[in-house]
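Structure record follows, encoded as structure tokens.
The values are calculated or read from the model by the stated rules, or taken from the named source; none is laboratory data. Just so it is clear, the structure is predicted and the values come from calculations on it, not from any experiment. Positions of Cβ are backbone-derived with ideal geometry, glycine not excepted, and every protein chain shown enters the neighbour counts. Side chains included, ligands, DNA and RNA excluded: accessible areas come from the protein's heavy atoms. Shrake-Rupley method; radii C 1.70, N 1.55, O 1.52, S 1.80 Å.
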Amino acid sequence: MQRSDPGTEFCVDIVVKGRKTEVPERFRKHVAEKLKLEKIQRLDAKVISLDVEVSKEPNPRQADRCDRVEITLRSRGPVIRAEAAASDPYAALDLAAEKLDARLRKQHDKRFSRRGARRIPAAEVADHVPGAATLNGNGLPVHEEETDGVPTKKIGSLEVKGEGPLIVREKTHVAAPMSLDQALYEMELVGHDFYLFVDSETKEPSVVYRRHAYDYGVIHLSTDPMVAEAQPPAAGGTLGG
């Protein structure tokens, strides 16, 4: 057992005990040297007690993890625990002490950030807070697509990542349903090799297209709710011969 100096806010006890194993005096001294109360109280000035429990695993198959050390720190704040297992209690204590130190520092930094003592610039938040939204130079959120270094730009209603596909023009037409003959006539008028229209008989979108010589082809699209639920939406039919 070790107590902190009476001048500190709380008198801290370090209690070392064994569970189904004897704890030698040499190990107790090593605990006092390893868990420096001065350092711990700098990170948490409200520490009340520090318990170190040593246990041994009798299973010979777990010889590399036969000794386990669990450290429990109690204070006026949340309880902090750290445990580790190794081939001997000294190595297990070292590992557990490292975990305790990391958790104490995390709790310490969290308290200071809440009080505003360590304000982080908006552009640097992502470097300090895991999972935080990335901000650009103006402090505005950046789309997730941009975080991998590939810029994303808006073209019409589409978002294009990197260099493509590049949409150079997007149009929306209001079309009255028409017959197949009328659609062919309209295609010839505009001089295109295909023409998108709404079939007046089926009320479904269709495409007429020029094939070889004076031959024409037509593609009709029909909606099947069962197919739509089972598969992701397709880009559309393929024009072919």
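When each of E163, E201 is tested for being at pLDDT 65 or above, assigned to a loop (DSSP other than H, G, I, E, B) and out of contact with any His (no Cβ under 9 Å at 6 or more places or on another chain), the lone residue that passes is E201. Restricting attention to the range 86-102, the residues that are under 29 Å from the mean Cα position of the chain (by Cα), open to solvent by 10 Å² or more (accessible area, probe 1.4 Å), modelled with pLDDT of 90 or more and among the aliphatic types (A, V, I, L, M) add up to 2.
Residue-wise test of (1) within 23 Å of E22 (Cβ to Cβ); (2) in contact (Cβ under 8 Å) with a residue 60 or more places away in the chain; (3) part of a helix (DSSP H, G or I).
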{"site": "R42", "(1), (2), (3)": "no, no, yes"}
{"site": "I48", "(1), (2), (3)": "no, no, no"}
{"site": "D51", "(1), (2), (3)": "yes, no, no"}
{"site": "L73", "(1), (2), (3)": "no, no, no"}
{"site": "G77", "(1), (2), (3)": "no, no, no"}
{"site": "D94", "(1), (2), (3)": "yes, yes, yes"}
{"site": "R103", "(1), (2), (3)": "no, no, yes"}
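Cβ-Cβ distances below 9 Å connect the following pairs, each with a first residue in the range 199-213 that is surrounded by 13 or more Cβ atoms within 10 Å (Cβ to Cβ), a second residue that is of a type in the set (S, T, Y) and not in a strand (DSSP E or B), and a separation of six or more residues or different chains: D199/S179; S200/S179. Scanning the range 53-69 for residues that are part of a strand (DSSP E or B) and open to solvent by less than 60 Å² (accessible area, probe 1.4 Å) turns up E53, V54, S55, D67, V69.
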